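The values are calculated or read from the model by the stated rules, or taken from the named source; none is laboratory data. Everything numeric in this text was worked out from a predicted model, so none of it was measured. All Cβ positions, glycine included, derive from the backbone under ideal geometry; neighbour counts span all protein chains shown. Note: areas computed on protein heavy atoms with side chains; ligands, DNA, RNA excluded. Shrake-Rupley method; radii C 1.70, N 1.55, O 1.52, S 1.80 Å.
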Amino acid sequence: MKTNILRSGMIALWLILAYQVGSAAEIATRSKNYIDDTRDNYFSGWKALITNAYPTDVLESGRWFHPSPTPKAFAEGNIKPFSIELRAKLRNNSTDGLIVVKDDAIVGQYFRYGFGSDDIHLVQSTGKVFTSFAIQPVYDRIGTKGLNQSLSSYLPKLKGKFFGEATLAQTLDMKNGMEWTENYEDPTTATMLSGPVAGWDPIDPKKGAESWYERMFDFPKYGDHGKTWVYNNSSVIAASLAAAAIDERPFSELVQDSYNTLGFEDRSWYVSNAFNELSAEGGQAMSIRDHAKLGRFMLKTSDSAYVDDVWDMIGDKNDQAVMVFLKKYPFAKAYKNYWYKLDDNVILALGSSGQFLYVDRSKNLIISKFSSYVEGQGLGEFAEGFSIIAEIAALY
């Protein structure tokens, strides 16, 4: 990990000061939220702000990816400033950046002071849909039969493990039954234990460098595969590894191909560990304009089973796993390939600390929002984020 203490300290001070643009009352409130937050090891408070904006300096290890050799920029539309009231809401919702794309043109944008359209930002769990998209060519090629094969049939290291009995399809939909705990405020949860394994955090000196295979696919059984729904990062990692095995090449090549397909304009960064396993569950860092490009693919592509399956997903109430999902996420109607379906025309990707990728095909509209929430998974902040997205969507 890069350890230039002076530089890190200056970055932290600059970010805190830069974020506090506004009235004296706002500055006092934000100072209390960020400066006095002493939870050093979690994705909350001021650390989220620094980690999201400077992953290459703060996180343990990773690698760069190239922009596409044929970048596909959005057109610049008639960009009208948001109202003072809406800008205040965006600021108070810890928004780092937001762009609105309508009919393939950028028509709205907001950036906190110091953050720009070509700066990279961690996308957190919205990266899960970028992982399933990197798998898209494999998904389309192998079809239903291939998707319904067990993970262990593709990944021999998972043979004999309960996790390996799940199918690739179940893994893409979080319908595998291995126990997983997703809580950034408890250092003993599966998510936090995966940090040193994935490349987010320093390697545990007692364990040394570990592959995901060594302990992250070994948690106890929670329920039967296909009959429950467990939000977990191991599913996404396994899907990436399985796709690489099927395609007989490193997953990193699938990722670069996917960025080339989308027409990325900027370099992007990706958390990875000592075994070159990419942190496919949300370790991607990219610019906001590249983040929105996946929304464009989902709107424009008509010859992909992957895309059709996302748009056509149905929250079948006779499906036991679907009912578990709907109880946990009542705002959604269905879940497929790590996408949430809000209604027949709207799909959404969500990530910790307030990352949103909103796609509305009835309006040919994409909204990408990068944030650094005071509480990484604060329900109040997410509720306000949803409200802001809905308010902005109603303007177009």
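Overview of results
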read-out: Subset of segment 289-318 (residues that are part of a helix (DSSP H, G or I) and of a type in the set (Asp, Glu)); value: ASP290, ASP308, ASP309, ASP312
read-out: Output for segment 283-305, where each listed residue is of a type outside the set (D, E, K, R) and under 15 Å from LEU348 (Cα atoms); value: HIS291, ALA292, LEU294, GLY295, PHE297, MET298, LEU299
read-out: All positions within segment 175-202 that are polar (S, T, N, Q), more than 18 Å from the chain's Cα centre (by Cα) and within 30 Å of TRP64 (Cβ to Cβ); value: THR189
read-out: Residue list for segment 324-352, filter: within 23 Å of LEU122 (Cα to Cα), touching a strand residue (DSSP E or B) at 6+ places or on another chain (Cβ under 6 Å) and of a type in the set (Gly, Ala, Ser); value: ALA349
read-out: Evaluation of GLY114 against (1) touching a Ser or Thr at 6+ places or on another chain (Cβ under 9 Å); (2) closer than 22 Å to PHE356 by Cα; (3) in a loop (DSSP other than H, G, I, E, B); (4) not acidic (Asp, Glu) (one fails), failing number; value: (1)
read-out: Test: residue in segment 144-159 that is under 18 Å from the mean Cα position of the chain (by Cα), open to solvent by 20 Å² or more (accessible area, probe 1.4 Å) and not charged (D, E, K, R); value: no
read-out: Complete set of residues in segment 288-302 that are open to solvent by 10 Å² or more (accessible area, probe 1.4 Å) and not polar (S, T, N, Q); value: ARG289, ARG296, PHE297, LEU299, LYS300
read-out: Residues (assigned to a helix (DSSP H, G or I), under 29 Å from GLY376 (Cβ atoms) and of a type in the set (Gly, Ala, Ser)) located in segment 124-167; value: SER125, GLY127, SER132, ALA134
read-out: Only listed residue being buried (at least 24 other Cβ atoms within 10 Å of the Cβ) and either outside any helix (DSSP H, G or I) or modelled with pLDDT of 95 or more (or both), chosen from ALA274, ALA285; value: ALA285
read-out: The one condition in (1) surrounded by 19 or more Cβ atoms within 10 Å (Cβ to Cβ); (2) more than 24 Å from TYR184 (Cα to Cα); (3) hydroxyl-bearing (Ser, Thr, Tyr) that TYR113 fails to fulfil; value: (1)
read-out: Qualifying residue in segment 84-98 (condition: hydrophobic (A, V, I, L, M, F, W, C), surrounded by 22 or more Cβ atoms within 10 Å (Cβ to Cβ) and within 20 Å of PRO67 (Cα to Cα)); value: no
read-out: Single residue of GLU391, GLU381 found to be touching a Leu at 6+ places or on another chain (Cβ under 9 Å), of a type outside the set (Val, Ile, Thr), in contact (Cβ under 8 Å) with a residue 60 or more places away in the chain and not in a strand (DSSP E or B); value: GLU391
read-out: Residue match in segment 199-213 (condition: under 23 Å from LYS336 (Cα atoms), touching a helix residue (DSSP H, G or I) at 6+ places or on another chain (Cβ under 7 Å) and either without any contact (Cβ under 8 Å) to a residue 12 or more places away in the chain or open to solvent by less than 60 Å² (accessible area, probe 1.4 Å) (or both)); value: no
read-out: Looking only at segment 319-374, and only at residues there that are part of a strand (DSSP E or B) and without any contact (Cβ under 8 Å) to a residue 40 or more places away in the chain, the one that is surrounded by the fewest Cβ atoms within 10 Å (Cβ to Cβ); value: ASP343
read-out: Qualifying residue in segment 235-258 (condition: more than 30 Å from ASP204 (Cα to Cα) and surrounded by 24 or more Cβ atoms within 10 Å (Cβ to Cβ)); value: no
